[in-house]
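To keep things clear, I will list the structure first and then write my remarks on it.
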Amino acid sequence: MKKNLKELDVLQNLMLLGLIFVTPVFSESPVPVSVDYSGTPLELSDSGKGLSDTGRKVQVFPTAVVTQGKNKWALKLSGAGVRWKTVAVIDVNVYAAANYLDTQLKMDPAQPLKSIAASKAKVMQLTFFRSLTAKEIGEALKSALEKNGVNVKAPHLNQFFGQFEFSVSPGETLTLIGLNTGKDEEEVIALAPSQMIHGKGKGMATDIWKGYFGVPNDSGLEDLKKKLLSAP
């Protein structure tokens, strides 16, 4: 017993002297990713809600290409629409959303999450009509995920939402990119104004997309889901 205590003292002294090093664990750095859009765009506008309308217009393109390092994924628009929300007693258009999936994949409107999971790459582009903080965006998305039984306190999701430090102004975009990395593991990259946010975990991208294609959290998301399932 005395020998063990003596050995422990020696180890502690060596560590204090810097002769024994503990290797730190670093989080994996994401490979930079980009999305390029092409084709003849359609227009979505902040209109139809009365006094809150600004008339701002957003262009949505029919195709997109995701590039990460040497990998490229060709995607097509699965649908697009305006997300509105009732604030007090007024309906307000918040952002225009456009969803993209693998070009060879056909979206199943009856089982959209099955199609989402099958798509090796997916993109949700959100272009805002209103100014919002990272907290407002994060809390809204987490609420929608919880509606669908997603544990937002799971380490990989908690770490992902914990990186939200941005804000958006009218006309700015938040792009969510989901990539299947094998063995049910999925990577999610959020391209926000002046910030890239990264996360990885089992079924993570599919879980994030449940906020849009799962059980709607309110009437505005229910209306948006229908439009995201109706490619123009």
Those residues of segment 152-171 which are within 30 Å of Lys57 (Cα to Cα) and not in a helix (DSSP H, G or I), in sequence order:
Gln163, Phe164, Glu165, Phe166, Ser167, Val168, Ser169, Pro170, Gly171
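Listed here are the residues, each with its yes/no results for (1) assigned to a helix (DSSP H, G or I); (2) modelled with pLDDT under 95; (3) of a type in the set (Gly, Ala, Ser).
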residue: Ile20; (1), (2), (3): no, yes, no
residue: Glu28; (1), (2), (3): no, yes, no
residue: Val31; (1), (2), (3): no, yes, no
residue: Leu44; (1), (2), (3): no, no, no
residue: Ser47; (1), (2), (3): no, yes, yes
residue: Thr54; (1), (2), (3): no, yes, no
residue: Thr67; (1), (2), (3): no, no, no
Scan of segment 87-96 for residues that are under 18 Å from Tyr212 (Cβ atoms) and surrounded by fewer than 24 Cβ atoms within 10 Å (Cβ to Cβ), ordered by number
Asn93, Val94
What number goes with the only condition from (1) in a helix (DSSP H, G or I); (2) buried (at least 18 other Cβ atoms within 10 Å of the Cβ); (3) more than 14 Å from the chain's Cα centre (by Cα) that Lys114 does not pass?
(2)
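The values are calculated or read from the model by the stated rules, or taken from the named source; none is laboratory data. Values in this document were obtained by computation on a predicted structure and should not be read as measured data. Cβ: placed from backbone, ideal geometry, glycine included. Neighbour counts: every protein chain shown.
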